[in-house]
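Worksheet: one structure, shown below.
A short reminder: the numbers here are calculations on the coordinates, not readings from a lab. All of these numbers come straight from a predicted model, not from anything done at the bench. All Cβ positions, even for glycine, are placed from backbone atoms using ideal geometry, and neighbour counts span all protein chains on display.
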């Protein structure tokens, strides 16, 4: 079956995000998504749903940049090298994804410098600055090195969930089947960038939270 999953979503458990976990099911239904991966910063999501695919996930702050782990059974500690983080994710039978790999303004792993091969590269990240450059570079590297390519909104507010998503061919909606499809490369990245007004909304909410 074909599934549409946003593989990079933050909730209010991340200090810089403002989507409540209980909003996710309605948002996915409204936007035609079959599910998503919750990838809060250094916090493992264990949410579940009876009707949607909710992948357990985490975005880990490594010394070299961010690494996403999907399907892991426990949180991977922050502060390791990217290579060691990928090894930890593999030991936990998870999927490792390098998000926004060539972004200049965010903590981003440069995949060509890795000595341990991740499972996939995120080639569309809706929140990327200079996306026409960074997306093209990520895709070119992934095609050259034969990596599965994913897409995610990197959403921090409700309005941008589903702005990018990964189309996948999976045997079922079971988490194990979805992860196997990801690992095998049965995935197609789709998406577009967030609007300037949405960037401003996130900034406004962040300043309001701090005040």
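Can you figure out the FRET efficiency of residue 167 with residue 117, using R₀ = 22 Å and their beta-carbon distance, to the nearest 0.05?
Approximately 0.40, to the nearest 0.05.
How large is log10 of I(q)/I(0) for the chain at q = 0.09, 0.14 Å⁻¹ when the intensity is taken from the Debye formula with one equal scatterer per alpha-carbon?
-0.29, -0.75
Can you compute the label reach from residue 144? Point 7 Å from Cα along the Cβ direction, backbone N cut-off under 14 Å, restricted to the range 87-127.
102, 110-114
Provide the percentage of antiparallel DSSP beta bridges, counting only those with both residues in the chain; round to the nearest 5.
If I count the DSSP bridges inside the chain, around 55 percent turn out antiparallel.
Whole number please: convex hull volume per residue of the Cα set in the range 89-156, in Å³?
Considering the Cα atoms of the range 89-156, their hull volume per residue is 94 Å³.
So if each residue of separation counts as 0.36 nm, and I subtract the Cα-Cα distance between residue 2 and residue 73, what length gain in nm does that give?
Length gained, residue 2 through residue 73: 23.0 nm.
Extent of the range 127-195 along each principal axis, from alpha carbon coordinates, in Å, largest to smallest?
In descending order, the Cα extents are 35, 33, 13 Å.
Write down the radius of gyration of the range 4-93 and its Dmax, each obtained from C-alpha positions, in Å.
Cα only, the range 4-93: 13.2, 39 Å (Rg, Dmax).
Can you tell me which of 93-102, 16-25, 178-187 comes out highest on packing, and rank the rest after it, using the mean Cβ neighbours within 10 Å?
Ranked from most to least packed, the peptides come out as 93-102, 178-187, 16-25.
Could you give the distance between the Cα centres of the range 1-78 and the range 180-195, to the whole Å?
Result: 14 Å between the Cα centres.
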